[in-house]
1. Using the Cα centre of the chain as origin and beta-carbon charges of +1 (Lys, Arg) and -1 (Asp, Glu), tell me which of L146, L62, T160 is placed farthest towards the positive end of the dipole.
2. Given the -39500 (n - 2.57) contribution per DSSP H run of 4+ residues, what per-residue ellipticity at 222 nm results for the chain, rounded to the nearest 500 deg cm²/dmol?
3. In segment 142-171, what GluC sites (Glu not before Pro) fall in a loop by DSSP, with at most 12 other Cβ atoms inside 10 Å?
4. Select from A114, Q21, L33 the residue farthest towards the positive end of the dipole of segment 14-128; place +1 on Cβ of Lys and Arg, -1 on Cβ of Asp and Glu, and compute about the Cα centre.
5. Which one is right for this structure if volume of the Cα convex hull per residue in Å³ is calculated from it: (i) 127; (ii) 109; (iii) 173?
6. Treating only the Cβ of Lys, Arg, Asp and Glu as charged (+1, +1, -1, -1), what charge dipole size does the chain show about its Cα centre? Round to the nearest 20 debye.
7. Restricting to Cα pairs below 8 Å that are 6+ residues apart, what does the relative contact order work out to for the chain? Please round to a whole percent.
8. Nearest 5 is fine: what % of DSSP beta bridges in the chain come out antiparallel, could you say?
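The values are calculated or read from the model by the stated rules, or taken from the named source; none is laboratory data. This one's a predicted model, so the numbers in the text were calculated from it and none came from an experiment. Cβ atoms come from the backbone with ideal geometry, glycine included; neighbour counts cover every protein chain shown. Surface accessibility is based on the protein's heavy atoms, side chains included, excluding ligands, DNA and RNA. Shrake-Rupley method; radii C 1.70, N 1.55, O 1.52, S 1.80 Å.
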Amino acid sequence: MKIILMMVATADGIIARDRKQNVDWSSKEDKKLFVEETKKSGAVIFGENTYQAIGRHLPNRLNLVLTMKPEKYREREIKGELEFFKGSPLEVVQYLTAKGFASAVLGGGAGTNAQFLKANIVDELILTIEPKLFGQGMNFTEGEELDINLCLTECRQLNTNTVMLRYKIIK
């Protein structure tokens, strides 16, 4: 199974000012790219904080929300559309593979991204850089120590000021 980590960041590398900030600051082109990629794979993985920041599930794809307490969300669950899961990154991959998915987009947050990168199961990184500076906030791996090499496979201008970088993760 292919795992694609997809994030949007400011020019100074910040994905959010804090855990509760929604991505309402990103461009419409970035949002369109996210919708296209997540619908193409059919599955998107979020951490609990990111799901809460978004405030709803995304239609027409499986939203798999990682949480330490999936029972807390049982009444919200919609099988095949919004599911809550407790497990390691490898268990997530096994679960999605068993459900027939060939790929999934990892949509954050920072702690979830770091767990998947540390488990060495992320295959690709799609990073949109927006023309903003926050100065302080969260980077997309919560400052975890990593040593991962990337190979640029695509660089595309999404609008006058926004670029998308697509990298293959070198394993």
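1. L62
2. On the way: 4 runs with 40 residues, N = 171.
Value at 222 nm, helices only, nearest 500: -7000 deg cm²/dmol.
3. Working: sites: E142, E144, E145, E154; in loops: E142, E144, E145.
Passing sites in segment 142-171 are E145.
4. The one lying farthest along the dipole's positive direction is Q21.
5. The value computed from this structure is option (ii).
6. On the way: 24 positive and 22 negative charges, 92 e Å.
For the chain, the charge dipole is close to 440 debye.
7. On the way: 335 pairs, mean separation 57.2, N = 171.
Value for the chain: 33 percent.
8. Numbers: 16 of 38 bridges.
The answer is about 40 percent antiparallel.
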